[in-house]
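Read through the structure below, which is laid out as structure tokens, and then see the notes.
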Amino acid sequence: MPSGAPRMTIPTQLVLRALLDDPTAELYGVEIGTAAGLPSGTVHPLLARLERIGWVQSRWEDVDPRAAGRPPRRYYRLTSTGIEPARNALARAYPSRVAALRVRPVGEQP
């Protein structure tokens with residue numbers, strides 16, 4: 001399984017937060033995008049990256065498209081080995097964002 005952490009961009013953080021809301025739940029791409037407030041063109045490449053590093057796994061829904069009246073959905077969920085690294089990466093991302101946004105008193109050096 002590949003290792004490493006993805007770049008913790010704001011979209012990556014939003015997708016991880018959506019997945020970590022219920023780490024064992026399976027969500028399809030549009031659900032993740034809605035929860036993250038991101039378009040599918042942003043969400044799906046992120047999910048592919050997270051899947052390549054082993055934090056997320058996916059599966060295609062077993063459904064008859066004619067009976068369902070829609071194409072099959074691809075469901076995603078965090079892997080058992082991806083939950084903790086995702087939580088840790090998200091936790092590390094927030095302090096740096098908060099520190100960068102902190103208002104410094106006049107004369108205080110960064």
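At an R0 of 30 angstrom, the distance between the Cβ atoms of residue 94 and residue 62 translates into a FRET efficiency of 0.20.
Per-residue 3J(HN,Hα) values for the stretch 69-75, derived from phi via the Karplus relation 6.51 cos²θ - 1.76 cosθ + 1.60 with θ = phi - 60°, read x, 6, x, x, 9, 9, 9 Hz in sequence order (x marks Gly and Pro).
Per-residue 3J(HN,Hα) values for the stretch 44-52, derived from phi via the Karplus relation 6.51 cos²θ - 1.76 cosθ + 1.60 with θ = phi - 60°, read 5, x, 5, 4, 4, 5, 5, 6, 4 Hz in sequence order (x marks Gly and Pro).
Please state the shape class of the stretch 1-44: rounded when a/c is under 1.5, otherwise prolate if a/b exceeds b/c and oblate if not, all from the C-alpha gyration tensor. Oblate shape, in that a/c is at least 1.5 and b/c is the bigger or equal ratio.
Can you send over the carbon and sulfur percentage of the accessible area for the stretch 1-63, probe radius 1.4 Å, protein chains only? In the stretch 1-63, the share of accessible area belonging to carbon and sulfur is 53 percent.
Close amide H partners of residue 28, meaning residues 5 or more places away or on another chain with modelled amide H under 5 Å apart, are 76.
In this structure the stretch 36-84 gives 59 Å² per residue of accessible area when probed at 1.4 Å with all protein chains present.
The values are calculated or read from the model by the stated rules, or taken from the named source; none is laboratory data. All values derive from a computational prediction rather than experimental measurement. Here the Cβ is made from the backbone with ideal geometry for all residues, glycine too, and neighbour counts use every protein chain on show. The area values use the complete protein model at the heavy-atom level, side chains included, leaving out ligands, DNA and RNA. Shrake-Rupley method; radii C 1.70, N 1.55, O 1.52, S 1.80 Å.
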